[in-house]
Each structure stands twice: as C-alpha cells, then as structure tokens.
C-alpha cells in the first residue's frame, strides 16, 4: 500500500497544480478584458473562476478512483496518503492551499462530518501565512522633492498596456499632487518613495497598482486606480487611507483578478497595508475562497476554545422569517441557518433559499452585498449554546441541526461578518448619523440596481452598517435580478371605493414591482424618509427602473466606482 499511497499523494498534488494553472489562465484574461473594455467577458470570467475549484475537485476524485479502485475509500490507505502528501509540500510557500485542496478531497470521499484528524490536516493547527518570509515581487521608486512626477512617469511606463495612456504626463502630475495633498500632514516632503506589487489587480472596470508610499518616518497604503473608458486609459484615483483601501478589499466586494505566482507572500504584504483585516478576508478577496474558509474556521475556533465560558446566543436584530441567526458576542461573525418552515408571506423552498445565496457568489457585489460562505457539518459543544438558542435550533431548524452526544451538528450554515442591523442603528444614533445612514441605504439600493441586483425585501432589518457607516445588504432570500422584475406604475383608483380598498383592486403578477410604493416598506423615520425621497427620487420612479432594464438588455451596465468622488483625480 505504500506505493499506492505515494501515487495518490502525487495525484492530489498534480490535481491542485492543475487547478492553480487553470485559475491563473482565467485570471490572466483580466488584462485583455480591461484593454478591450470587454466588461461582459470579465463578468463571465469571474463566474467561471468561482466554479473552477469544484470542477477540479471532481476531476481529481475521478483520477483517485481510477488509480485505487475500491480501495480509494479505505481509511487505512489514507492514513498513509496523509504523511506522503505532507512530504511533497515541504518548503512550499503555498502549502496551506495544497492542504485545503487535500482536505476537500478527503471530505468528499468520506462524507466527513466535523474533522477527522487521522486523515485530514487540522485547520486549527495550520500555521498562518504571516510565518512566510519570502518577499513578494515588487518595484520601488524614489520620489524627488522637486519633480515627483518624473518617478510617477516611470511608474506608469513600467505598467504598460496594449492601449496607450491618454496623457501619461498629466496622469503622473495628478498622482503627485494627490499624494502631496493627502500626506501633507507628514511634513514638507511627505512622499519619498513608492513600492508597488509587480502584479496588477483587476476587478469590474478598473485596474489597480497596489502598494505603499513611504515618508521619512512612516508609510501608508497607496493604490492607484486606472480606468479605460471613452476618454482613454488614465489614472482615475489614488487611495492612501487605510479605511478606503480596506473598503476596496472588503467582504462586500467581488474577488480580484490578480495573477499571483504564489499567494501566501502576497497575503503577507497586503496585511502590512491592512493589519486590522482578518487573513481569511484577504485570501477570499484574492479569489481563494476555500482557503479563506479554512482560515476563518481556524481563527474562529481558536478564539472559541480560548473563551470557554462564553455562550453562543441569538444575534442582535429582528428575528428572520427564513433564517435563524446566532453569534459569539466576542467575535465578529454570524451563523445563519435555514428554518424548517417560513412564516407568511414567504413562499419559497429551502432549495430556493440556497440558490439565492449561491447566486450572490456570481454577482458583482459592488460593495453592497456581504459575502456569505457556506459551511457544512460544523460541530459545536451542546453546552456552548444558550438554552433559548439551542431550543430554537432543535425545534425550528431540525432539518439541518441534530444532537450527537454532547455536540450539536449543523448540516449547513452561512457565515458572514457581523454588522450592526440598520434598523437598530437608526434607533441608536443622533439625527446627523441617522440621516447619513438612511441616505447611504438608498445609495446601496441604487448601486445594487445599477448592477442588475434587486434586494426584494427593502426593510432596514435586512441591511447592516459597517464600522465606517456604510450600508450593506445581507439577507438574500428574496434577492433577484432587476431584469427578472416587471416594474409597474401603481394604477390610479377609478372611484372612492377603489381608493379606500384594503387590498389592490387590480391583478398583480408574481414578478410585478411598484416603485411608487417602496416608501411603505422602507421603515424609515419620517424625516429620514423625506431626505431619501428628496435625494433618491429615482428609486420611486418606475421609468428609472425600466430604463435600467433597457440598458442591461443592450449590454450597458452603469459604472459604479468603488471609492468616493473626492478620491478621483482632476
């Protein structure tokens, strides 16, 4: 069996490397899409790359079965495969990614529930990537105190595209002015050098040069955003504040296309820019969602075991009709389980809810849809649940929760970053912050709509507020595409009887939506609703929604920049 175990270990390694090569091939198309302004093709590539992992896992499982026959499901064999595979990974920078691929295979073959330490790599014991000392490939430039644009001309010259810059010198000068303005508090000669990753990052309609800018005694992130539009290729914005770069790499954004030869060293570099960002979120936003899940599992359960006296409890907010949601108060995650039965007026099935959450992975989330990672067969100590939560899960989520001895096993749950529910935030804040949140909530609906996403249920309880005051949508059971809706004007009543009727006097189709009535479902305080209607009147106009549908049908998606207008260059 030793020879067979070695053979299987090599097949698994080759399977991961084939996945890695195919991942890179799709990623490299991003440059071509950007140069050709092929935004529809870029969207297709993003969807293709997300599905690639499961396809490669299935192909590798088939290869293992062909090599081992019936013995492929023998635990004794896999106890030998495990150390043989570990030996193949010795010294590799991305060994963690190889191990995650192996674990996925083992769990598929054995339908593992929980963790089988005899044949799997234990996520709780995997060394974090910040142990990597190999430096990621980068370029450095010294900025002259009198002619900083000269160095920035070299920067743009080194990051060349097949389409020329519309005006390279003007772009370089605008970047230099922005760095001087943003970092003026560093002193008279603030920006002394710039260090940028060799790899260009692509997402949606932009390319990004990612790195850091150094002063005499400090450094800051530095991200230069490039656009290729009707005005040509040019620098569009510079981001130097951590909160803006953290938002760019946030959990409500789609994954970057970045052709990295190795991933772990890039993660280490990005953590130097964003030290407060969890490592799992960095892996995920680089498109390594499975590794992000592994890191999230590892860090959460380490924290969970380090706080043995803390119980899992209901998350703050209005209880959902479709999902039961719980959290560990000291850790910023929520766990969402599908209920057995949905309260009226919800009319969907469990499978349809799962399809909605799967759909979110394939959408441009434009900073407004919170990433939701599915986890299967999680085990928690029964005693760690509050009695009220445990009773609810066992009675109302019994299709996906069961007791096994001293443990509760959760068949499927979705894990998201915990945000403050918007309805609670609006009650807690003073008038100025409340109005700002209400307006950003309306902006969130607008941003989603411009990317063919209709939230369905607009109640504030389905939105959360980040620590920076940004509204995001996180409840997907009624989410759909704008193009799937029939936006209608509310018919005028023909007489007093119709005007006073409790129910509509006309036929309503299953996809009919009446924007003029949205205000009734927003649940905003009167003054904040008035502000929303003043500044976002288009949301209540059926013609605006119909106009979006016409644009989508023509392949024209509005641009939604991932930064404020104040960051854009002159």
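The spacing between the stretch 134-155 and the stretch 1-78, judged by their C-alpha centroids, is 38 Å.
Length gained on full extension, residue 180 to residue 508, computed as 0.36 nm times the residue gap minus the Cα-Cα distance: 112.3 nm.
What is the gain in length, in nm to one decimal, between residue 340 and residue 167 on full extension, counting 0.36 nm per residue of separation less the C-alpha to C-alpha distance?
So the chain would gain 56.3 nm between residue 340 and residue 167.
With a ≥ b ≥ c taken as the square roots of the eigenvalues of the C-alpha gyration tensor of the stretch 527-570, please select rounded if a/c is under 1.5 and otherwise prolate if a/b is larger than b/c or oblate if it is not? It is oblate, given that a/c is not under 1.5 and a/b is not larger than b/c. What FRET efficiency do you get for residue 403 and residue 243 if R0 is 45 Å and r is their Cβ-Cβ distance, rounded to the nearest 0.05? Efficiency, from the Cβ-Cβ distance: 0.55.
Given a Förster distance of 35 angstrom, what is the FRET efficiency for residue 36 paired with residue 543, based on the Cβ-Cβ distance and rounded to 0.05?
With a Förster radius of 35 Å, E is 0.60.
Distance between the 7 Å Cα→Cβ label points at residue 217 and residue 430: 3.3 nm. By its C-alpha gyration tensor, with a ≥ b ≥ c as the square roots of the eigenvalues, how is the stretch 302-418 shaped: rounded for a/c under 1.5, else prolate for a/b larger than b/c, else oblate? In terms of gyration-tensor shape, oblate.
Just so you know, the Cα atoms of the chain work out to an Rg and Dmax of 25.6, 86 Å.
Helical runs assigned H by DSSP (4 residues or longer) give the chain a calculated mean residue ellipticity at 222 nm of -13500 deg cm²/dmol, each run adding -39500 (n - 2.57) before division by the residue total. The gain in end-to-end length when the residue 262 to residue 134 segment is fully stretched comes to 45.1 nm, 0.36 nm per residue minus the alpha carbon separation.
Each part reduced to its alpha carbon centroid, the stretch 395-427 and the stretch 347-378 end up 15 Å apart.
Here r is the Cβ-Cβ distance between residue 198 and residue 22 and R0 is 22 Å; the resulting FRET efficiency, rounded to 0.05, is 0.55.
No lab work stands behind these numbers, since they all come straight from the coordinates. Values in this document were obtained by computation on a predicted structure and should not be read as measured data. Please note: Cβ atoms are built from the backbone with ideal geometry, for glycine as well, and neighbour counts cover all protein chains shown.
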